Every structure is written in structure tokens, then in C-alpha cells.
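S.K.: One structure coming up, written as C-alpha cells, with questions to follow.
Laboratory data are not the source of any read-out in this text; all were calculated from the coordinates shown. Worth saying up front: this structure is predicted, and the values here are computed from it rather than measured. Glycine also receives a Cβ, built like all others from the backbone with ideal geometry; neighbour counts cover every protein chain displayed.
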Amino acid sequence: MEDNIRIVRLTQDYHFSSFDCGEGDLNDFLLNDAKNYLKHLLSVTYIIETDQDIVGYFSVSNDRISFEDSDKATWRKIKNIFPHRKHRKDYPAVKIGRLGISKNYQRHNLGSEILYFIKRLFVTNNRTGCCFVTVDALPSAIGFYQHNGFRPLLKEKPVESVTIPMYFDLSTLID
Ligand SMILES: CC(C)(COP(=O)(O)OP(=O)(O)OC[C@H]1O[C@@H](n2cnc3c(N)ncnc32)[C@H](O)[C@@H]1OP(=O)(O)O)[C@@H](O)C(=O)NCCC(=O)NCCS
């Protein structure tokens, strides 16, 4: 990430400049909801900024991956990451609830760098166990997540949903 770009944790007194990542719901969440989510401990938001503007943001919350959320073949693959005696019906995870990069900064690898930052954060600095990063990916962002090592939890998009659940295995970052 460039020198003049920093990541700050959202606080109640943060002053927003404008933000547009091209997805109205994601813009609206940052500008109008993120502080309320923080207040109610529903998610923590981090802002990527320069002195001049907001480059992007992401929000994260605790999550889990359970056998009910995936198809059989994927669940078998997930279980096989662990030794047999550690096989369970669910595993702890962190969910990227929202992620957006300003239109002015897209396709400069920043989204990928932020995903790497999140992965490292939950491998090295986490205070509780966390095996996976999860996301409900918009169809337009599936290629981006695949490019960054995320895999679908389901072979097909659920009919009632516009997003596809995906996961990244954090153990791949451990030597
Ligand atoms: C999706 C998003 C976060 C990606 O961030 P970014 O900084 O533009 O992405 P990167 O530059 O790191 O992309 C790396 C690679 O991912 C892939 N990629 C990125 N955006 C993509 C897209 N929209 N469709 C398909 N592949 C994509 C490409 O392979 C890209 O490499 P390339 O530029 O050399 O072709 C950003 O475009 C965005 O905020 N979009 C609008 C909001 C959104 O969809 N958020 C995700 C919600 S689930």
C-alpha cells in the first residue's frame, strides 16, 4: 500500500468526506449505518484514507462456517483441513460484511491488499481462534474474491439470494 494511505478504525467522532464505490448500498452503509453498527457491537469498520479522501473501507464481524452452509463436497474439503479428532459441525470465522473501494482507486490492487491485511490481522493479532474469512460476494465481485484465494461454499447461488457465500482458509498462511 502506498505510503500516504493508512487504515484507521472507525470511531463515533470520525468525520466522513464523500465516498462512492459504485454500489449505493455500500456507500449508504458507510455514511449512514457504520457508526450505529459499531455502537451496537454488530460490526467494526476500518477506513482506508489519505489526507484528502476516503479510498475504501471494510466492516468485519464474528462468524462461523457450518456444515449447513455448504454443499457436501465442500464441507468434506473443509473438514479435511483438520485432523480427524478436530472434526466438528462448525468452525470459527470472521465475516467481511462489507468492502468497497472508491471508484477513483479501483483496479489498482488496493482491494487485494486489503484482503491480505484482513487475513494477516486474523492470523497474527486475533485474540480468539479464527480459521476462515467469509464473505457473501456480490456476483460482480466473485472474480475478485477468487483471484484472492476465496472459494465458494456452495456450487450454485441459492435461489432466494443475490450473493454467493465464499470462504478463505487462514491455515494456508501459517508455515
Ligand atoms: C470489488 C472491489 C472491492 C475490488 O477492489 P479493487 O481494488 O478494484 O480490486 P483489485 O485491483 O485488487 O483487483 C485484483 C484482481 O481481482 C479481479 N477483479 C477485481 N475487480 C473485479 C471485478 N469487478 N470483476 C471481476 N474481477 C475483478 C481482477 O482479476 C483484478 O486484477 P486485474 O485488475 O489485474 O484484472 C472494488 O471493485 C469495489 O469496491 N467494487 C464495488 C463494491 C463491491 O462490489 N464490493 C464487494 C462486495 S461483496
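S.K.: Once you order the gyration tensor axes a ≥ b ≥ c over the Cα atoms, which shape class does region 6-173 get: rounded for a/c under 1.5, otherwise prolate or oblate by comparing a/b with b/c?
M.R.: Taking the square roots of the gyration eigenvalues as a ≥ b ≥ c, region 6-173 is prolate.
S.K.: With charges set only on the Cβ (+1 for Lys and Arg, -1 for Asp and Glu), what does the dipole of the chain come to about its Cα centre, in debye to the nearest 20?
M.R.: Using only the charged Cβ atoms, the result is roughly 1100 debye.
S.K.: May I pose another question? So what's the net charge close to THR172: Lys and Arg +1, Asp and Glu -1, counting the other residues with Cβ under 14 Å from its Cβ?
M.R.: Its environment carries a net charge of +2.
S.K.: Is the C-alpha gyration tensor of region 53-103 telling us rounded, prolate or oblate? Criteria: a/c under 1.5 is rounded; beyond that, a/b larger than b/c is prolate, otherwise oblate.
M.R.: Since a/c reaches 1.5 and a/b is larger than b/c, the shape of region 53-103 is classed as prolate.
S.K.: Can you give me the relative contact order of region 6-173 as a percent, contacts being Cα pairs under 8 Å and 6 or more apart?
M.R.: 20 percent
S.K.: Then there is this: Could you give the longest part of the chain that holds none of the GluC sites (Glu not before Pro) found in DSSP loops with at most 12 neighbouring Cβ atoms within 10 Å?
M.R.: Longest stretch, sites excluded: 3-155.
S.K.: Taking the Cα centroid of region 37-103 and of region 137-165, what is the distance between the two, rounded to the nearest whole Å?
M.R.: Here the two parts' Cα centres lie 13 Å apart.
S.K.: Follow-up question, since we're still on this one. Projected onto the charge dipole of region 6-173 (+1 at Lys/Arg Cβ, -1 at Asp/Glu Cβ, origin at the Cα centre), which of PRO165, ASN32, GLY111 gives the Cα projection farthest towards the positive end?
M.R.: So the residue furthest toward the plus end is PRO165.
S.K.: Another question, if that's okay. Which links in LYS72/LYS155; LYS39/LYS95; LYS95/LYS119; LYS86/LYS155; LYS95/LYS157; LYS86/LYS157 stretch past 20 Å when you go from one Cα to the other?
M.R.: As for pairs spanning more than 20 Å Cα to Cα, those are LYS86/LYS155; LYS86/LYS157.
S.K.: With r as the distance between the Cβ atoms of HIS147 and ASP53 and R0 = 41 Å, compute the FRET efficiency 1/(1 + (r/R0)^6) and round to 0.05.
M.R.: Using R0 = 41 Å, I get an efficiency of 0.95.
S.K.: Taking 0.36 nm per residue of separation and subtracting the Cα-Cα distance, what length does fully extending VAL123 through LYS79 add?
M.R.: 13.9 nm
S.K.: Please go through region 69-175 and write out the trypsin sites (Lys or Arg not before Pro) that DSSP classes as loop and that have at most 16 other C-beta atoms within 10 Å.
M.R.: ARG88, LYS89, ARG107, ARG127, LYS155
S.K.: Got a sec to turn the phi values of region 39-56 into Karplus ³J(HN,Hα) couplings, 6.51 cos²θ - 1.76 cosθ + 1.60 with θ = phi - 60°, whole Hz, x for Gly and Pro?
M.R.: Coupling constants for region 39-56: 4, 8, 6, 7, 7, 10, 10, 10, 10, 9, 9, 10, 5, 8, 8, 8, 8, x Hz.
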